[in-house]
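The structure appears right after this line, and notes come after that.
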Amino acid sequence: MRVGFIGLGSQGGPMARRIVEAGYPTTLWARRTATTDSYGDTAAKVADSPAALAAESDLVCLCVVGDADVREVLEREDGVLAGFAGSAAGRDTPPVIAIHSTVHPDTCRELAEIAANQGVSLIDAPVSGGAPAVAAGRLLVMAGGGEDTLARCLPVFETYANPVVHLGGVGAGQTTKLLNNLLFTAHMSTAVSTLELGARLGVSPERLGEVIGNGSGNSFALGRILAGGGTLDQIATHAGDLLRKDVRLISELAAAADITPGVVLDTADATLGLMGRPR
């Protein structure tokens, strides 16, 4: 399978490199030439547009920031869909688009319908774990879409991911990723509040963190807070905007389905409030 990769940031970049190193013919595209220059030591090719990348690919993976970026890369005049359309002759199987970005499930569903009308398959495959998980081949992929389509992509995904979990139709992966991030955000509020309560009761936050980190109250969120010095400041700087986006999206999904999320959304909102609290 020939692979195209767009979105060579802190997470997508290592993913693309793993694909190249596994021996898949890989084509890259980025808005800035400097981004692809760092792959000069690999066998990857560089395209001058998303359309040119798609023309050379059977699978195009997107790991861009948000909904608008995904739509723009796919639907622009020289975008991925245009490239697939221009190279349709001679293809034995439909090309595939895999959206690794975290976006609204409806964005994926709408784009999947547009793609299908052009003979292109689309799956949503948001990821969790960051660059360290990619390096270990342990990135988590949450996939939504056809089973046969996912099966075709699986060998490529397995160059950087384990597990890859199929969750249902297109959009199911995004919904699951948003729920995961909602719970992570809520966990941070309870973790930082517990450390603050301990300090007020005379227990060192560092020692309390050491105990909880080895006890039944441990969580990934607690580990991120301890790594950031016991506060939300570091996480707020690096991921605050993304977490706000994800909590907003899951809140919108719940409202559209006439569902009251309950305490988990309230707790996540409390975390976001703490991130904006002056120190």
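Where a number appears in this text, it was derived from the coordinates with a stated rule and is not lab data. Everything numeric in this text was worked out from a predicted model, so none of it was measured. All Cβ positions, glycine included, derive from the backbone under ideal geometry; neighbour counts span all protein chains shown.
Here are the numbers:
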quantity	calculated
Mean shadow area of the chain over all directions, Cα convex hull, nm²	16.1
Taking the convex hull of Cα positions in region 168-279, its mean projected area over all directions (nm²)	8.0
Ellipticity estimate at 222 nm from DSSP helix runs (n ≥ 4, -39,500 (n - 2.57)) divided over the chain, nearest 500	-16500 deg cm²/dmol
Angle between the chain longest axis and helix 12-21 axis [Cα atoms, degrees, rounded to 10]	50
Projected area averaged over orientations for region 51-148, convex hull of C-alpha atoms, nm²	6.5
Cα-based helix-to-principal-axis angle, 263-275 vs the chain, degrees rounded to 10	80
Compactness index (Cα Rg / 2.2 N^0.38 Å), region 166-216	1.66
Euclidean distance between Cα centres, region 81-95 to region 106-164, Å	19
Simple label model, 7 Å out from Cα along Cβ direction - A199 to A256, nm	4.0
Cα coordinate range in region 129-199, projected on the principal axes (Å, largest first)	53, 27, 12
Unit charges on C-beta of K, R, D, E only; dipole of region 14-132, Debye	260
Neighbourhood net charge (13 Å Cβ-Cβ; Lys/Arg +1, Asp/Glu -1) for M1	-1
Surrounding net charge for T190, when Lys and Arg each add one and Asp and Glu each subtract one, Cβ distance under 15 Å	-2
0 to 90° range, to nearest 10: angle between helix 233-256 axis and the chain longest Cα axis	70
Percent of alpha-carbon pairs separated by more than 20 Å within region 1-60	10
Neighbour net charge for D41 - beta-carbon separation under 15 angstrom, K R +1, D E -1	+1
Compactness of region 44-90, expressed as Rg and Dmax over alpha-carbon positions, Å	10.4, 33
Zone residues, region 127-150, relative to E21, backbone N less than 17 Å from point 7 Å out along Cα-to-Cβ	130-140
Calculated P(r) tail over 18 Å for region 1-107, as whole % of Cα pairs	43
